[in-house]
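Here is the structure we will look at.
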Amino acid sequence: MSGAGHLLPPEWLPRLERLTLSAKRRVAGTQQGKRRSRRLGSSLEFADYRLYTPGDDVRRFDWGVYSRTGKAFVRQFMDEQELTVSIFVDCSASMGAVISSAEGERPEGAADQAVHGSPKWRLARQLAASVGYMALSSYDRLQIACYSRTLSARLPVMRGKGSAHRLFSFLQGAQTGGEGSLAAALGQPGALPRHPGMTWVFSDFWLEGGEDELLRALSLLAGSGQEVVLVHILSREELDPKLTGDLRLIDSETHSGKEVALTGKVLEAYKAELERYRHMLSGVCAERGMTYVLIPADMPLRDAMFGVLAGAGVVSS
C-alpha cells in the first residue's frame, strides 16, 4: 500500500494485518465489526439456546433439538462490533530533542535525524502508525491526535484500510514543538473520546506536574470509559546518559538553562530518580488496571511490536 512512506516499510503492513489489538473488555460499538460485543447478535459464533417466542427469527429455529426434545428452541450467536481506538501522540519539543554534549556538535546519525527526526519521535510515530493500521485492518473505529498543551492536530474518526493513507500522511506531517501536558490537552473541550474504547498514549512522559499531572490525565481517560495503554519512549541518552564535565543543560521545552557539574555521583542520582519515576508510572497504571510499557527509542520496530507490546498482552496474533 502506498502512503506508508518512510514511517513503515511496505513489507511491514501484511504482518500488521495478521495482528489484532487485545482489548480486555467486550466491546459495544455502533457498527458491525470483528470484535465480540457484550450483546448477542448475528455473527457466526454460537453462544447459547433459548426457548422460542412468537416473533423470533424462524431461521434460527433448531429443528434438530425440536425433533429430539419436542421443545422449540432458537440458536443465539455472539454479536460482533467495532472497537473505538484513540491514539494520542506527544508532539512536545522534548520528543524531537536530540541530546549532544557540546554546542554545535553533530551526534552520530545526525544526517538521518535531520530527515526523520529524533529516534524517539520516529519510533513514537512508527508505533502509532502500526497500532492505527491494525485498528483499521480490523474495521475498528480509529481517531488520532498529536498533543502538546492542547491537541495541536487531530483526525476525525476513520474506519477501514482505505483510510490508512490519511493516517500515514497525518503522522508524517506532524511536527514537534512547545511544552507538553497530557492533562491540559485532555482537559480541552472535545478532547476526550466520546465512546468507551481503547486509548493509546505515546510519550516520553516528561511531565512538569509529575505524578499529580499523570493522575489527572488518567482520571480523565478512565472517566470516559477507556482501556489505557501508556507507551513510554525514552532515548538511549535519557536512559543511560554519558555526559560528563561542567555543562549548561537546556530544557528543550521551556528553553531555561542550568549549570551542572556532571560527576559520576550526579549521574547515579539521576538514574536512581529515573528508576523511581518509571516505577511510579508503572504502579499508577497497575492500580487502575491500565497497561504501561517502556520502549527504548533505539529498539527495532519489530522487537517493540512482537516483543514488548505482544509480551504486555496488548497486541496478539
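Just so you know, in the range 136-177 the residues that are within 18 Å of P9 (Cα to Cα) and either open to solvent by less than 40 Å² (accessible area, probe 1.4 Å) or touching a Pro at 6+ places or on another chain (Cβ under 9 Å) (or both) include one that is modelled with the lowest pLDDT, and it is S137. Between a residue in the range 164-187 that is under 19 Å from V231 (Cα atoms) and in a loop (DSSP other than H, G, I, E, B) and any residue that is among the aromatic types (F, W, Y) and open to solvent by less than 40 Å² (accessible area, probe 1.4 Å), which pairs come within a Cβ distance under 8 Å, given they are 6 or more apart or on different chains? The qualifying pairs are T176/W121; G180/Y147. Does the range 268-279 contain any residue that is under 21 Å from G313 (Cβ atoms), open to solvent by 60 Å² or more (accessible area, probe 1.4 Å) and basic (K, R)? Yes: the range 268-279 contains one or more residues that are under 21 Å from G313 (Cβ atoms), open to solvent by 60 Å² or more (accessible area, probe 1.4 Å) and basic (K, R). Taken as a whole, the condition of being over 30 Å from E227 (Cα atoms), open to solvent by 30 Å² or more (accessible area, probe 1.4 Å) and modelled with pLDDT of 70 or more applies to P54.
Any residue at all in the range 87-107 that's at pLDDT 90 or above and open to solvent by 40 Å² or more (accessible area, probe 1.4 Å)? Looking for residues that are at pLDDT 90 or above and open to solvent by 40 Å² or more (accessible area, probe 1.4 Å), one finds none in the range 87-107, hence no. Of everything in the range 289-301, what is surrounded by fewer than 14 Cβ atoms within 10 Å (Cβ to Cβ) and closer than 25 Å to K24 by Cβ? Give them in sequence order. Within the range 289-301, G289 is the sole residue that qualifies. Taken together, P241, P189 contain a single residue that is over 22 Å from R278 (Cα atoms) and open to solvent by 10 Å² or more (accessible area, probe 1.4 Å), which is P189.
Check whether at least one residue in the range 217-230 is without any contact (Cβ under 8 Å) to a residue 60 or more places away in the chain and over 28 Å from I87 (Cβ atoms), and report yes or no. No, the range 217-230 contains no residue that is without any contact (Cβ under 8 Å) to a residue 60 or more places away in the chain and over 28 Å from I87 (Cβ atoms). All conditions in (1) touching a residue at least 12 places away in the same chain (Cβ under 8 Å); (2) under 28 Å from the mean Cα position of the chain (by Cα); (3) open to solvent by 30 Å² or more (accessible area, probe 1.4 Å) hold for A286, with the sole exception of (1).
This table checks each residue for (1) at pLDDT 65 or above; (2) polar (S, T, N, Q); (3) closer than 20 Å to H165 by Cα; (4) not in a strand (DSSP E or B).
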| site | (1), (2), (3), (4) |
| --- | --- |
| S42 | no, yes, no, no |
| Y49 | yes, no, no, no |
| Q113 | no, yes, no, yes |
| R122 | yes, no, yes, yes |
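Rundown of residues vs (1) within 19 Å of D204 (Cα to Cα); (2) within 11 Å of the chain's Cα centre (by Cα); (3) touching a residue at least 40 places away in the same chain (Cβ under 8 Å), yes/no style:
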position	(1), (2), (3)
S138	no, no, yes
R141	no, no, yes
I144	yes, yes, yes
S152	yes, no, yes
G160	no, no, no
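Just one of (1) closer than 30 Å to P9 by Cβ; (2) open to solvent by 40 Å² or more (accessible area, probe 1.4 Å); (3) at pLDDT below 95 fails for L249. It is (1). Under the condition of being open to solvent by 50 Å² or more (accessible area, probe 1.4 Å) and outside any helix (DSSP H, G or I), the residues counted in the range 10-23 number 3.
The values are calculated or read from the model by the stated rules, or taken from the named source; none is laboratory data. No experiment lies behind these values; they were computed from the predicted model shown. Neighbour counts run over all protein chains shown; Cβ positions are idealised from the backbone, glycine included. Accessible surface areas use protein heavy atoms only, side chains included; no ligands, DNA or RNA. Shrake-Rupley method; radii C 1.70, N 1.55, O 1.52, S 1.80 Å.
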